[in-house]
Amino acid sequence: MPDNARNNDAVVGRLKRTPNRAATPAVYDEAMSRAQIERRLRAVSAQLKSARDDLAVSEEQLVHLADEADDARLRALVSETPVAERAHRKASRHAERLRKHRDRLSASIEALEAEQDQLLDRLIAS
């Protein structure tokens with residue numbers, strides 16, 4: 001018999017002989033579960049704070065870019081030149097990309113808030 005198999009049998013034998021072994025892990029698992037929930041709550045809270053900060057910055061930038069795109073649109077209408085039209089398209093695309101980014105951040109915040117609510121429910125239930 002290989003040494004590893006002998007060592008595994010010895011460990012299994014010790015575990016089987018330990019009295020009241022089944023009662024201890026249940027309490028330990030609940031404590032770990034609570035600790036894991038609390039750790040996850042802290043992580044979700046930090047992610048929420050970061051996402052909200054990013055959303056605030058994105059909204060500020062979007063206001064600026066949307067104004068810039070509107071100005072470029074007006075310049076393109078007035079001047080009717082290909083250069084002005086390209087500038088308008090570029091500014092509009094940039095603003096649209098930032099709008100999509102903002103929407104993704106909003107969805108991420110909603111998902112994190114839902115996860116936080118579930119974790120708080122689990123924490124209260126335990």
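The values are calculated or read from the model by the stated rules, or taken from the named source; none is laboratory data. Since we're looking at a predicted model, the values are computed, not measured. Every residue, glycine among them, receives a Cβ derived from its backbone with ideal geometry; neighbour counts consider all protein chains shown.
Please verify whether segment 90-99 includes one or more residues that are farther than 21 Å from LEU74 by Cβ and of a type in the set (Ser, Thr, Tyr).
Checked segment 90-99: no residue is farther than 21 Å from LEU74 by Cβ and of a type in the set (Ser, Thr, Tyr).
Restricting to segment 86-126, name every residue that is over 24 Å from ALA51 (Cβ atoms), surrounded by fewer than 17 Cβ atoms within 10 Å (Cβ to Cβ), out of contact with any Ser or Thr (no Cβ under 9 Å at 6 or more places or on another chain) and not aliphatic (A, V, I, L, M).
Those that are over 24 Å from ALA51 (Cβ atoms), surrounded by fewer than 17 Cβ atoms within 10 Å (Cβ to Cβ), out of contact with any Ser or Thr (no Cβ under 9 Å at 6 or more places or on another chain) and not aliphatic (A, V, I, L, M): ARG86, ARG89, LYS90, ARG93.
Scan GLU60, GLU115 and give me the residue that is touching a residue at least 60 places away in the same chain (Cβ under 8 Å), acidic (Asp, Glu) and either out of contact with any strand residue (DSSP E or B) (no Cβ under 8 Å at 6 or more places or on another chain) or not in a helix (DSSP H, G or I) (or both).
GLU115
Kindly list, by first and then second residue, each pair from a residue in segment 35-55 that is more than 17 Å from ASP117 (Cα to Cα) to a residue that is of a type in the set (Lys, Arg) and crowded, with 16+ Cβ neighbours inside 10 Å, limited to pairs with Cβ atoms under 7 Å and residues at least 6 apart or on different chains.
Listed by first residue and then by second, the contacts come to LEU55/ARG102.
Restricting to segment 72-85, give me the number of residues that are polar (S, T, N, Q) and either closer than 23 Å to LYS49 by Cα or exposed (fewer than 12 other Cβ atoms within 10 Å of the Cβ) (or both).
Of the residues in segment 72-85, 1 are polar (S, T, N, Q) and either closer than 23 Å to LYS49 by Cα or exposed (fewer than 12 other Cβ atoms within 10 Å of the Cβ) (or both).
Give all pairs with beta carbons closer than 8 Å in which a residue from segment 88-102 that is at negative phi meets a residue that is assigned to a helix (DSSP H, G or I) and hydroxyl-bearing (Ser, Thr, Tyr); count only pairs at least 6 apart in sequence or on separate chains.
Correct list of pairs: LEU98/SER58; HIS101/SER58; ARG102/SER58.
Select, from ASP70, ASP29, ASP53, ASP103, the only residue that is within 30 Å of LEU123 (Cβ to Cβ), in a helix (DSSP H, G or I), of a type in the set (Asp, Glu) and modelled with pLDDT of 90 or more.
From the options ASP70, ASP29, ASP53, ASP103, the qualifying one is ASP53.
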